[in-house]
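Data block below; observations after.
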Amino acid sequence: VDAISRLILGFFFSPGSTNDSPIYIPLQKFVHKILSVKFDVYSADKGYDSTKNNSFIANELKANPAIPCRDMEKKSNSDFILYKNGVPYCKYCNLQFHSNGKDLKAGFRLWNCPNASKNYTCEFIELCNPTSKNLIRTHKTPLDDIRKNGTPTLPKHSKAWKKAYNLRVIIEQVFSELKLSFNLDNLNFFKLSSIFSYVCCSLIAYNLTVLVKELIIK
């Protein structure tokens, strides 16, 4: 949804049990492909926070992400990793993880634990208990701090960032209006084959309503 015009730009269908975060990039690619409009800010709620989503907005869409941070640190990571100057070290043997290249698309630097070295056999395997067949711990660290710090033009938690994120209130209002006017929060009585057609027609009808109101005002 465009928070300025209140128009719905695109949508994806997924089961209610599906995590929406992995769908964020395919949806934005779809919208970007069919529209010639360039947006300065892409906002989403905390559930969409990830290094991959933030990096995609900044590096591929050349825009600014406005997504609140959530606690991304896995408990298992804190059990065996410590950082020195941003580099992961094994807590047990106090040796540095080995760089294993970069995933530029996802925005990650890849690391292998010291046990990946041919001339080293870790004596702490039983404590670490890695699940891989090669008994090697792998780890990812962000290539940049876009997720935590934002971009130079929209620093995280600056007044401009907060203003951009607060526009999500408008988007939530659109969702509420759709549910109220088109009964989109209660599709249990529809056949699965009919849900897509019903929702698609509802969103088109909503957009037409918004455009007609805009024309009347002008």
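Any idea which of (1) of a type outside the set (Phe, Trp, Tyr); (2) within 27 Å of Pro15 (Cβ to Cβ); (3) open to solvent by 80 Å² or more (accessible area, probe 1.4 Å) is the one Ala205 doesn't satisfy?
Every condition holds for Ala205 apart from (3).
Among the residues of segment 82-136, write down those that are surrounded by 11 or more Cβ atoms within 10 Å (Cβ to Cβ), under 25 Å from the mean Cα position of the chain (by Cα) and either assigned to a loop (DSSP other than H, G, I, E, B) or among the charged types (D, E, K, R) (or both).
The answer is Lys102, Asp103, Leu104, Lys105, Ala106, Gly107, Arg109.
Working only within segment 156-179, note down all residues that are open to solvent by less than 60 Å² (accessible area, probe 1.4 Å), over 20 Å from Tyr198 (Cα atoms) and either of a type in the set (A, V, I, L, M) or in contact with a helix residue (DSSP H, G or I) (Cβ under 7 Å, 6 or more places away or on another chain) (or both).
If the condition is that a residue be open to solvent by less than 60 Å² (accessible area, probe 1.4 Å), over 20 Å from Tyr198 (Cα atoms) and either of a type in the set (A, V, I, L, M) or in contact with a helix residue (DSSP H, G or I) (Cβ under 7 Å, 6 or more places away or on another chain) (or both), then Lys156, Ala160, Ala164, Ile170, Ile171 are the ones that fit.
Residue check, Pro26 against (1) part of a helix (DSSP H, G or I); (2) crowded, with 17+ Cβ neighbours inside 10 Å, all met but one. Which one?
(2)
If only one of Asn59, Asn19 is loosely packed, with under 14 Cβ neighbours inside 10 Å, of a type in the set (S, T, N, Q) and closer than 24 Å to Leu110 by Cβ, which one is it?
None of the others qualify; the one that does is Asn19.
Does segment 137-153 contain any residue that is part of a helix (DSSP H, G or I), farther than 25 Å from Phe108 by Cβ and of a type in the set (D, E, K, R)? Give the steps one after another, and end with the answer.
Applying the first criterion (part of a helix (DSSP H, G or I)) to segment 137-153 yields 146-149.
The next check asks that each one be farther than 25 Å from Phe108 by Cβ; those that pass are none.
No: segment 137-153 contains no residue that is part of a helix (DSSP H, G or I), farther than 25 Å from Phe108 by Cβ and of a type in the set (D, E, K, R).
Kindly list, by first and then second residue, each pair from a residue in segment 17-29 that is touching a residue at least 24 places away in the same chain (Cβ under 8 Å) to a residue that is surrounded by 14 or more Cβ atoms within 10 Å (Cβ to Cβ) and among the aromatic types (Phe, Trp, Tyr), limited to pairs with Cβ atoms under 6 Å and residues at least 6 apart or on different chains.
Correct list of pairs: Ser21/Tyr48; Tyr24/Tyr48; Ile25/Phe56.
Name, by its number, the condition in (1) over 27 Å from Ala66 (Cα atoms); (2) outside any helix (DSSP H, G or I) that does not hold for Leu180.
Of (1) over 27 Å from Ala66 (Cα atoms); (2) outside any helix (DSSP H, G or I), only one is false for Leu180: (2).
Report yes if Lys46 is under 18 Å from Trp161 (Cα atoms), among the charged types (D, E, K, R) and without any contact (Cβ under 8 Å) to a residue 40 or more places away in the chain, otherwise no.
For Lys46, the condition - under 18 Å from Trp161 (Cα atoms), among the charged types (D, E, K, R) and without any contact (Cβ under 8 Å) to a residue 40 or more places away in the chain - is met.
Out of the residues in segment 180-194 that are under 19 Å from Leu9 (Cα atoms) and surrounded by 13 or more Cβ atoms within 10 Å (Cβ to Cβ), state the one that is modelled with the lowest pLDDT.
Filtering segment 180-194 for residues that are under 19 Å from Leu9 (Cα atoms) and surrounded by 13 or more Cβ atoms within 10 Å (Cβ to Cβ), the one modelled with the lowest pLDDT comes out as Leu184.
Return the residues of segment 60-81 that are modelled with pLDDT of 90 or more and either in a loop (DSSP other than H, G, I, E, B) or polar (S, T, N, Q) (or both); say none if nothing qualifies.
Across segment 60-81, the qualifying residues are Leu61, Lys62, Ala63, Asn64, Ile67, Pro68.
The values are calculated or read from the model by the stated rules, or taken from the named source; none is laboratory data. Values in this document were obtained by computation on a predicted structure and should not be read as measured data. Ideal geometry is used to build each Cβ from the backbone, glycine not excepted, and the neighbour counts take in all protein chains shown. These area figures cover heavy atoms from the full protein model, side chains too; ligands, DNA and RNA do not enter into them. Shrake-Rupley method; radii C 1.70, N 1.55, O 1.52, S 1.80 Å.
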